[in-house]
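Novice: Structure provided below as structure tokens; questions to follow.
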Amino acid sequence: AWWFGGSGFPILRVAGVGVLGAAVVGAGFGVATALRTDAVRDNPVGTLFGATRWVTVVPAESAHSMGRGRLMLRAELVRVDAAEAAGQVTVFAPVSGFSELTAGRPARFRARITRPGRNDLTVAVCTAVGRPVFGEAGALQWAAEAVRDGFGAAARAVLPADAAAVLPGLVLGDTEAVPPATTADFRTAGLTHLTAVSGANVTIVCGTVLLCARFVGPRFAVALAGLALVVFVIVVQPTPSVLRAAVMGALGLLAVLSARRRQAIPVLSATVITLVLLAPQLAVDVGFALSVTATAALVVLAPRWAATLEARGWPRPLAAAVAIALAAQVVTAPLIAAISGRFSVVSVAANLLVAVVIPPITVLGTAAAALGPLWPGAAGLLIRFTGPELWWLLRVSHTAAAVPGASVPVPSGWAGLAVIGCASVGAVVLGRRRWFRLCLLGVLLTGAAWSVSAGVGGP
């Protein structure tokens, strides 16, 4: 056909197919978003904005601490007074009375219903003004919460308080017990991503099961890995980054089953398209955006940069570690700056220093979480072995955060995205120039000397 360029123009034919495919996908996004937007706009709850009613909700995730005795969570609305209702809501509540509210456990309480402040397909914001009446969670949610609680209790029994608070976040994404000071250190040092369960955790879980089950045949091994993936997602809760990683893991397992070599970018693209079609609100979710961009950087930029460093005589492990840290920093720094108005100067160095301890923490912690309900003694022993690694991680985060000028203020919003984005692109382009690398090395050495002198001299 002429619109595919005819048989004599293969490039135009490929371009035509690409344009047509993009048009079809775009139309699908438009239809899905329009349907969801109309459902939110016409939701009967919109007539109750400003009123106080009894609401019944089923949380989709555990509550997140906002400080000052307040919690925030996302939930599915079930009832308003005695009438049935539907739609996603954001719940704000005090810690007192609501600390037992977990994923899948229904709760009924009086709440002030207001208009949502974000365009994320949320139908309302429910601010609790009364104590809740809890229902019973489903069997799967109850079991998942039992695993999370048991893992946290086992960590507190055998580790120092600071390490026990961080370990559930690194393994299961449970950051409720992390002290505000540790959270601030991680944010300043650029290590916050470690407490968000993502592709690394999914890779370790599926890879470990595949290795352990390799003697039973590929089909059975893939089936076991798929089951482990489903259980893992239920336990850690399906946050946006977990969903992205889980779908990529599932597609990877299908590739193993079909004996085809896994292609990371097609898999990532298919994952993003599928999830955004099913849940358009992910398009404005910061965690999902960070997860996708970081994954793309690790599979596109990091291998090329690592190969370049190896060609210049760098040892392969060091080249890979530096390339991964730099790639993640380049693509995520503009988004983080837009969100927080801060730029971490020490992020690359901090991530390099902790890179060696993250895999053993994840492997040992995941194994301990799985063994906890069946063999608590073995789980406690495995958790003990994470102690030195956690000490090093906490030491690095605290030291990096204490460096003068470790985090510098930048414009937030689109201005910050543009400034840091242009600076990152400029650094990548100019990084090929010897004079630029020498200047950058001089700046780094000057900053290190200033930091050391400030630390020795005191205030």
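The values are calculated or read from the model by the stated rules, or taken from the named source; none is laboratory data. Just so it is clear, the structure is predicted and the values come from calculations on it, not from any experiment. Because the Cβ atoms are built from the backbone with ideal geometry, glycine has one as well, and the counts that use them run over all protein chains shown. Note: accessible area is taken over every heavy atom of the protein model, side chains too, but ligands, DNA and RNA are not part of it. Shrake-Rupley method; radii C 1.70, N 1.55, O 1.52, S 1.80 Å.
Novice: Work out how much length ALA32 to ALA378 would gain on full extension: take 0.36 nm times their residue separation and subtract the Cα-Cα distance, in nm to one decimal.
Specialist: So the chain would gain 119.8 nm between ALA32 and ALA378.
Novice: I would also like to ask the following. Would you work out the Kirkwood radius for the chain? I mean one over the mean of 1/r across all pairs of different Cα atoms, in Å.
Specialist: Numbers: mean 1/r = 0.0407 Å⁻¹.
By the Kirkwood definition, the hydrodynamic radius is 24.6 Å.
Novice: Once you place label points 7 Å from the Cα toward the Cβ at LEU224 and TRP414, how far apart are they in nm?
Specialist: Placing both labels 7 Å along Cα→Cβ, they lie 5.3 nm apart.
Novice: Which value in nm describes the separation of the simple spin-label points at ALA161 and ASP42, placed 7 Å from the Cα toward the beta carbon?
Specialist: Going from the ALA161 label point to the ASP42 one covers 5.5 nm.
Novice: Please report, ordered by residue number, every helix of the chain (full DSSP H runs) that is 30 Å or longer along its axis going by C-alpha atoms and whose mean Kyte-Doolittle hydropathy reaches -1.0. Display every interim value, and only then the final one.
Specialist: Numbers: long enough: 10-41 (46 Å, 1.20); 286-311 (36 Å, 1.36); 316-340 (34 Å, 1.71); 434-457 (34 Å, 1.15).
For the chain, where a helix must reach 30 Å along its axis and average at least -1.0, the hits are 10-41, 286-311, 316-340, 434-457.
Novice: Between LEU20 and THR293, what is the FRET efficiency for a Förster distance of 25 Å, r being their Cβ-Cβ separation, to the nearest 0.05? It would help to have the intermediate numbers written out before the result.
Specialist: Values: r = 27 Å, r/R0 = 1.07.
The formula returns an efficiency of 0.40 here.
Novice: Quote the accessible area belonging to TRP392 in square angstrom, nearest 10, computed with a 1.4 Å probe and with ligands, DNA and RNA left uncounted.
Specialist: 90
Novice: Something else: Can you tell me the mean projection area, over all orientations, of the convex hull of segment 119-174's alpha carbons? Units nm², please. If you can, show how the numbers build up before the last one.
Specialist: Working: hull surface 26.8 nm².
That works out to 6.7 nm², a quarter of the Cα hull's surface.
Novice: Can you run phi through the Karplus equation (6.51, -1.76, 1.60; θ = phi - 60°) for segment 50-55 and list ³J(HN,Hα) in whole Hz, with x for Gly and Pro?
Specialist: The phi angles translate into x, 8, 10, 9, 7, 10 Hz.
Novice: Could the peptides 141-149, 307-315 be put in order, highest first, of the mean number of other beta-carbon atoms found within 10 Å of their residues?
Specialist: On the way: 141-149: 17.9, 307-315: 12.2.
Sorting 141-149, 307-315 by mean packing, highest first, produces 141-149, 307-315.
Novice: Given H placed on each backbone N at 1.01 Å, which residues far from ARG79 in sequence or on other chains put an amide H within less than 5 Å of it?
Specialist: It is THR56, ALA85, by chain and number.
Novice: Between ARG434 and ALA83, with labels modelled 7 Å along Cα→Cβ, what's the label distance in nm to one decimal, could you check?
Specialist: In this crude label model, ARG434 to ALA83 measures out at 7.6 nm.
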